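Beneath this line is the structure, given in structure tokens, with notes to follow.
The values are calculated or read from the model by the stated rules, or taken from the named source; none is laboratory data. Given the structure is predicted, the values throughout are model-derived calculations rather than measurements. Don't worry about glycine lacking a Cβ; one is built from the backbone with ideal geometry, like all the others, and counts go over all protein chains shown.
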Amino acid sequence: MYRLLLCASYLGCFRISEMLNLTCDDVALKNDGDNQFLSIRLRWHKKASVQSECQVYHLIDEKSFPCLRVCGMFSDYLGFVRRASPNLATKSFVFPAYTSETNGTPKLNWCKHLDQNNVRLFVKNFVQKCPDLPTGISLHSMRRGGSFYRVFESPERRFNLRELMAWCRWEDAKTCCEYLITRSLTNEVDPKNLLRVNALPPPYASNMNALSTNDLCDAIVKRLQEMGSQSLEPGRAQPLMVAIPPPKSQRQTTLDRFVRHDVIPTARSARDAWTQWFTGDPQVGLFQPLRSFTKDMIRADRRKYSERMTLALAFSKYVSYEMFEAAYDGHTTSFSNTLAEVRKRKREGQL
């Protein structure tokens, strides 16, 4: 089950939360002539309307790597599921929740999907048991690593940046570049090798292995003696050149020169949006309210700021957040629900 979950998430650049919500009628093994592929109907979880917006993806085996042959893993998993539960409903979850009984036999609950914390704990334990794996692997590494694989490493189906943006549902190239650059930079540094002597560059490594402690001390003493004899020779004295640093500027600078708020943080609920608009939120790096953003700051993310401007039309009608929450009862638990309700009332002229 975990092999299929992580492999499909990596190949498709999917979020683990999206994979865990798949039901049996969302996944099917199909054939297109001589080619076999795994068809997945994925519901987008970071959208305003989750149930109505979905996309069908076709995952094909990456035959260069046995661990990425997703069709074979699905066939094995499907055969195991049919042996365990022959009469499985179509609305059952593909990755069910399970509990271990006293005798060690797992008890499956097909009406409830696997908890994301259980997957995180499984990955953490597996990484700790394998010293060759980097310790920074997380659930989001599947989506980030899959994006990097699709652009740079796949020997069979390599994407360009525009294809990756369309596949991963990214509207701007900024997110795409962050995924690829962050992954490429962190892969160059392996924390396990930083303390090894043979990890140094070639000249330092060879000298470190060749010199002993006594040889190093003799070299230091010899160098000091040479420097002392040169300083005592007549006519060798050179005028001491002292570089005078330029005077520091006395002009006072403001904090805005060093701090820039180019990225609008994510708001999980209507209360977060209210706080970020009127007072700011230092815990997420927002040290000034959104309503005081300048044109240069807004230009970095116009779409998000447009959404906050729409909510600000509704915020301006109320003195406190409690009054706004009472007026929009049932729509303030999430940011997307609040935004959808405000847009609806705006169209109907009820703001």
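List of remarks:
- Val119 surrounded by 11 or more Cβ atoms within 10 Å (Cβ to Cβ) and touching a Ser or Thr at 6+ places or on another chain (Cβ under 8 Å): no
Here is a yes/no grid of residues against (1) acidic (Asp, Glu); (2) out of contact with any Lys or Arg (no Cβ under 6 Å at 6 or more places or on another chain); (3) over 19 Å from Met19 (Cα atoms); (4) outside the structural domain of Thr23 (by TED's automatic domain parsing):
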position	(1), (2), (3), (4)
Ser75	no, yes, no, no
Gly79	no, yes, yes, no
Asn87	no, yes, yes, no
Glu101	yes, no, yes, no
His113	no, yes, no, no
Asn118	no, yes, no, no
Leu121	no, yes, no, no
Val127	no, yes, yes, no
Glu153	yes, yes, yes, no
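- Count - residues of segment 309-336 that are part of a helix (DSSP H, G or I) and either within 24 Å of the chain's Cα centre (by Cα) or over 16 Å from Ser269 (Cα atoms) (or both): 3
- Complete set of residues in segment 9-24 that are surrounded by 20 or more Cβ atoms within 10 Å (Cβ to Cβ) and under 20 Å from Lys91 (Cα atoms): Ile16, Met19, Leu20, Leu22
- The single residue among Thr254, Thr310, Thr294 that is surrounded by fewer than 12 Cβ atoms within 10 Å (Cβ to Cβ), closer than 26 Å to Ala173 by Cα and either at pLDDT below 90 or among the hydroxyl-bearing types (Ser, Thr, Tyr) (or both) turns out to be Thr294.
- Residue count for segment 150-171, restricted to those that are in contact (Cβ under 8 Å) with a residue 40 or more places away in the chain, surrounded by 10 or more Cβ atoms within 10 Å (Cβ to Cβ) and more than 13 Å from Gly12 (Cβ to Cβ): 1.
- Scanning segment 269-298 for residues that are touching a helix residue (DSSP H, G or I) at 6+ places or on another chain (Cβ under 9 Å), in a helix (DSSP H, G or I) and over 22 Å from Phe324 (Cβ atoms) yields Met297, Ile298.
- Residues of segment 91-122 classified as touching a residue at least 24 places away in the same chain (Cβ under 8 Å) and among the β-branched types (Val, Ile, Thr), total: 2
- Helices (runs of 4 or more DSSP H) lying entirely in segment 101-201 (those with 1 or more residues that are more than 27 Å from Lys304 (Cα to Cα), at pLDDT 85 or above and not basic (Lys, Arg)): 116-129
- Meets criteria (at pLDDT below 85, in a helix (DSSP H, G or I) and not charged (D, E, K, R)) for Tyr204: yes
- Residue check for Gln128: closer than 15 Å to Ser9 by Cβ and polar (S, T, N, Q): no
- Residue in segment 103-113 that is closer than 30 Å to Pro155 by Cβ, surrounded by 11 or more Cβ atoms within 10 Å (Cβ to Cβ) and in contact with a helix residue (DSSP H, G or I) (Cβ under 6 Å, 6 or more places away or on another chain) present: no
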